1. Given a 1.4 Å probe, how much area per residue of region 35-190 is accessible, in Å²?
2. Against the longest principal axis of the chain, how steep is helix 18-29, in degrees 0 to 90 to the nearest 10, with axes from Cα atoms?
3. If I ignore ligands, DNA and RNA and count only protein heavy atoms, how much of ASP103 is accessible to a 1.4 Å probe, in Å² to the nearest 10?
4. Can you order the peptides 6-16, 121-131 by their average number of other Cβ atoms within 10 Å per residue, highest first?
5. Given the options THR37, THR158, THR224, state which has the largest fluctuation in a GNM of the chain using a 10 Å cut-off (strictly under) for Cα springs.
6. What is the helix-to-structure angle for 69-83, meaning the angle in degrees between its Cα long axis and the longest Cα principal axis of the chain, kept from 0 to 90 and rounded to the nearest 10?
7. With a 1.4 Å probe and all protein chains in place, put TYR38, TYR27 in order of accessible area, largest first.
8. Taking all protein chains as present, what is the carbon and sulfur share of the accessible area of the chain, in % to the nearest whole number, probe 1.4 Å?
Amino acid sequence: MTRLLEGRTALVTGAARRIGRAIALAYAEQGAAVAITYRGSKDDAAQTVRDLEAHGVKAAAIFCDLTAEASVTAAVAESVAHLGGLDLLVNNAGLFASAPLEDITAADWDGMFAANTRGPFLMAKAALPHLRATRGRILNIGSLGGTHPWPTHGHYCTSKAALHMLSQTMAKAWAPEVSVNCIAPGMIVQGEVGPAYEHFAHKTPMQRNGTSADIAAAALFFATGPHFITGQMLGVDGGLGL
């Protein structure tokens, strides 16, 4: 049986662990050659590459500091050289932190935007010539926090709201050659349990929190099939699904 992404290439940032890893594995399972980036999780990235290669595809782990433009440019170039091209870019890497709004420093604010908004912009800009050549796709990983204000995550929420607008701007600016979409996850658990997680689960119609597998399924939806949904933002929260 032909796999949905056979012969295609993908770069997934911050994919050594958690959501990024799940997306990368979903793509590899469907036949895509996958490069992932990491910053501080070198050992996890190496294991993820081995797991990707187990699906019979080419894979690579590339160091990248999203806050440094030269590092981003080099990572895209290395990915393209290793994979032989680029069809899909998933901007998954980012920063999450909480603090009372009045305690957030200018450095905290700038660091959050550097990782969550400026980084995806630089990555997409560096990848654009390669994606135009393949009529490729960009998928940004936003957050429910970008649509709902969380009082103790002011810098995070604002940076993700900016990423949502950036996604829509990219979609208009780069269509029809490149499709740009955004997934905005809510509470995503990796097996964690406790009263706080139960509280969030009970607030959802499906009475459960989301998982990395939910996000990977959405990422696969945007990477495959005849649809070319420019500028769509898909919310995945607590098992609401597609």
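The values are calculated or read from the model by the stated rules, or taken from the named source; none is laboratory data. Here the structure is a predicted model, which is why all the values come from computation and not from measurement. So basically every Cβ, Gly included, is an ideal-geometry build from the backbone, and we count neighbours across all protein chains shown. Accessible surface is based on the protein model in full, side chains and every heavy atom, while ligands, DNA and RNA are left aside. Shrake-Rupley method; radii C 1.70, N 1.55, O 1.52, S 1.80 Å.
1. It amounts to 44 Å² per residue over region 35-190.
2. 30 degrees
3. 90 Å²
4. The packing order, highest mean first, is 6-16, 121-131.
5. Highest fluctuation of the listed residues: THR224.
6. 40 degrees
7. Greatest to least solvent exposure: TYR38, TYR27.
8. So the carbon and sulfur contribution to the accessible surface is 58 percent.
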